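One structure is given below, encoded as structure tokens.
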Amino acid sequence: MNKASKFKWLADFFLSASLLSSFFSVTAAPATPPEHCPSAMTGSSKRVVKTAVYKGMPYGAGEVAHYAAYWSGIHAGDHTMRVLEPVLREGEWHQVFTSEAITGDWFNGIYIARYLTQAYSQAGTFAASWFHGSEYRKPPLFSEFKEDKLFSFSQLACTALEEIQTNEKPKEHETHFLERGATDVLSGFYKLRTAAFELHKPVAILAYSSAKNWTLQAEPVLFETLSLPIGKIEAVKLKMHTYMGKELQQKGDVYSWIATKHPNHPLLQVEGKVKWGSIRMFLDRYTPGASSH
């Protein structure tokens with residue numbers, strides 16, 4: 001791996017659309033999907049009103065989770081995830097999540113990067129509706145990189161429309177197959193917080209990112225208590241796997257922890273070892289959102 005690739009990996013760690021895409025980036029070329037869009041179910045579906053969008057969820061509007069990000073023991077930056085008020089899109093109220101990852105001023109001599117994302121997903125199902133990501137990175141001795149991505153999803157037509165602006169190049173417009181029900185990478189981690197976990201029984205989440213449909217599997221391997229800046233919290237340790245079809249994608253072991261007894265089941269920590277060191281992100285500040293139970 002050359003220096004440029006090394007710094008690109010660093011960007012994938014700090015500046016992903018969410019923790020999902022940070023640590024479980026799908027880099028292999030996807031197998032050609034069947035690209036069959038099932039017929040839509042007939043009959044009218046009940047519309048969710050704004051006040052019910054987060055009903056029964058372990059989070060609500062106003063939630064803020066702040067994480068300290070470390071690379072090989074160095075505090076490299078911070079990652080903040082937020083739940084916003086529902087947004088009306090194409091006649092339906094949607095969940096809204098945002099993510100901001102940024103390297104600290106003290107890390108500028110090694111790497112400068114930031115990534116802002118926002119996602120709308122359907123209430124209850126987490127099916128992707130709209131996604132926006134804005135990335136900036138400046139490794140030492142290399143030119144700065146800027147990219148802006150806008151994805152618009154049609155679950156009914158099984159399509160993902162991508163608009164991509166990279167540096168000063170002309171905008172690219174692409175249309176890709178979307179497996180119906182797939183969530184986006186940011187909403188996927190919120191969906192994971194709603195799962196009930198049993199030891200060694202993996203939870204699978206279908207997701208879409210950058211022209212690919214893939215599956216995240218979270219396998220519970222241990223129930224334990226974590227000691228974090230916000231206190232001691234009981235958690236489930238999940239071994240993370242990403243699959244394209246039946247083929248395992250990521251290299252190296254990555255683990256995440258989700259609170260089990262905390263009423264909001266926040267994501268507590270992510271850890272992994274990679275070729276260029278170790279990564280760790282842990283929750284150090286947390287503000288719960290409005291209760292919707």
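Nothing in this text is a laboratory measurement; each read-out follows from the coordinates by a stated rule. Model, not experiment: these values are computed from the prediction. With ideal geometry, Cβ positions are generated from the backbone for all residues, glycine too; neighbour counts draw on all protein chains shown.
With neighbour counts taken as other beta-carbon atoms within 10 Å, the residues L141, L226 rank, fewest first, as L141, L226.
In plain terms, the C-alpha convex hull of segment 92-214 casts an average shadow of 9.9 nm² when viewed from every direction.
By other beta-carbon atoms within 10 Å, ranking C37, C158 with the fewest at the front produces C37, C158. Between segment 47-64 and segment 100-145, what is the C-alpha centre distance in whole Å? Computed from Cα coordinates, the inter-centre distance equals 25 Å. Let me know the shape class of segment 140-289, please: from the alpha-carbon gyration tensor, a ≥ b ≥ c as square roots of the eigenvalues, rounded when a/c is under 1.5, otherwise prolate if a/b is greater than b/c, or oblate. In terms of gyration-tensor shape, prolate. Here is the tail figure for segment 31-132: Cα pairs spaced more than 24 Å apart come to 45 percent of all pairs.
Taking other C-beta atoms within 10 angstrom as a stand-in for reagent exposure, R285, R137 fall in the order R285, R137, fewest first.
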